[in-house]
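Single-structure report; data block below.
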Amino acid sequence: MTPKKKILLVEDHPIFRLGLAELINQEEDFIAFGESKDVDPAIEEIETLKPDLIIADISLKTSDGIDLVKYVKKYHKHIPVLVLSMHDEYLYAQRALHAGARGYIMKQEAMESVVTAIHKVLAGKVYLNEKVKEHILSNISDTPQTREKTPIDKLTDRELQVFKMIGRGFSSRDIAERLFLSIKTIGTYRERIKDKLNLKHANELVRCAVHFEKTGQISTQPE
């Protein structure tokens with residue numbers, strides 16, 4: 001009998017994580033073999049459990065799923081990662097694939113498509129839904145002058161991570177501690193983000209970050 005493929009779930013919402021695990025365990029050839037809420041415990045489980053595939057939320061409680069994708073690509077290239085997201089699919093899909101993910105799925109469609117996505121990724125292919133695939137191919141075919149850009153596209157992965165953490169209510173000290181950076185460096189990131197998003201002061205930055213964390217959209221208008 002062929003051993004079941006072991007799937008590690010990295011997701012900080014327990015109800016969603018439980019539903020995903022139950023769905024996976026209904027399949028004859030898969031088993032949800034481990035669960036983590038954040039990047040650091042996920043890394044420990046990767047080293048001990050040796051999963052065949054990782055499903056990771058891009059927005060975790062104190063860190064970023066993109067960091068986990070980069071870690072896996074660097075140290076465990078043979079383990080594919082399927083990324084989940086509840087926000088702007090085009091922005092995060094491109095960043096996730098660039099970081100090394102082998103698939104991308106929106107949370108709204110996860111319960112319907114996750115089994116199909118797992119099969120495809122474990123077969124060595126890339127999983128994207130048709131909308132995301134069409135958008136990415138369109139961007140590739142466009143010239144840099146005609147390619148559609150959003151304000152968030154201007155941010156680097158690290159700047160976007162800091163921006164999201166600001167939106168979750170973390171102070172500069174909190175962010176520095178979690179990212180193992182100095183407070184001065186976080187201050188530099190905050191200034192770069194303000195410049196790139198055309199925000200005038202710290203209050204605008206916080207308001208914009210909170211709005212983005214809630215909706216996935218950029219707005220500098222008072223709520």
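The values are calculated or read from the model by the stated rules, or taken from the named source; none is laboratory data. Keep in mind that this is a model prediction, so the values were computed, not measured. Methodologically, a virtual Cβ is constructed for each residue, glycine included, from the backbone with ideal geometry; neighbour enumeration extends over all protein chains shown.
Among the residues of segment 12-58, those identified as under 21 Å from His78 (Cβ atoms) and either touching a residue at least 40 places away in the same chain (Cβ under 8 Å) or not assigned by TED's automatic domain parsing to the domain that holds Val126 (or both) are Ile24, Phe30, Leu49, Lys50, Pro51, Asp52, Leu53, Ile54, Ile55, Ala56. Looking only at segment 174-191, how many residues end up being among the charged types (D, E, K, R) and surrounded by 14 or more Cβ atoms within 10 Å (Cβ to Cβ)? Counting residues in segment 174-191 that are among the charged types (D, E, K, R) and surrounded by 14 or more Cβ atoms within 10 Å (Cβ to Cβ) gives 4.
Of all the criteria given as (1) outside any helix (DSSP H, G or I); (2) surrounded by 12 or more Cβ atoms within 10 Å (Cβ to Cβ), the one not satisfied by Lys194 is (1). Among residues of segment 91-136 being of a type in the set (Ser, Thr, Tyr) and free of Cβ contacts under 8 Å to residues at least 24 places away in the same chain, the one that is surrounded by the most Cβ atoms within 10 Å (Cβ to Cβ) is Ser113. Go through the residues of segment 52-63 one by one and say whether even a single one is within 19 Å of Asp153 (Cα to Cα) and of a type in the set (A, V, I, L, M). The answer is yes, given that some residue of segment 52-63 is within 19 Å of Asp153 (Cα to Cα) and of a type in the set (A, V, I, L, M).
Of all residues in segment 52-67, those satisfying the criterion of being more than 16 Å from His13 (Cβ to Cβ) and either surrounded by 23 or more Cβ atoms within 10 Å (Cβ to Cβ) or under 13 Å from the mean Cα position of the chain (by Cα) (or both) are Ile54, Ile66, Asp67.
Among the conditions (1) at pLDDT 90 or above; (2) closer than 30 Å to Leu23 by Cα, Tyr189 misses just one, which is (2). The number of residues in segment 1-38 that are assigned to a helix (DSSP H, G or I) and more than 16 Å from the chain's Cα centre (by Cα) comes to 10. Residues that are loosely packed, with under 15 Cβ neighbours inside 10 Å and farther than 25 Å from Leu60 by Cβ within segment 203-215 comprise just one, Asn203.
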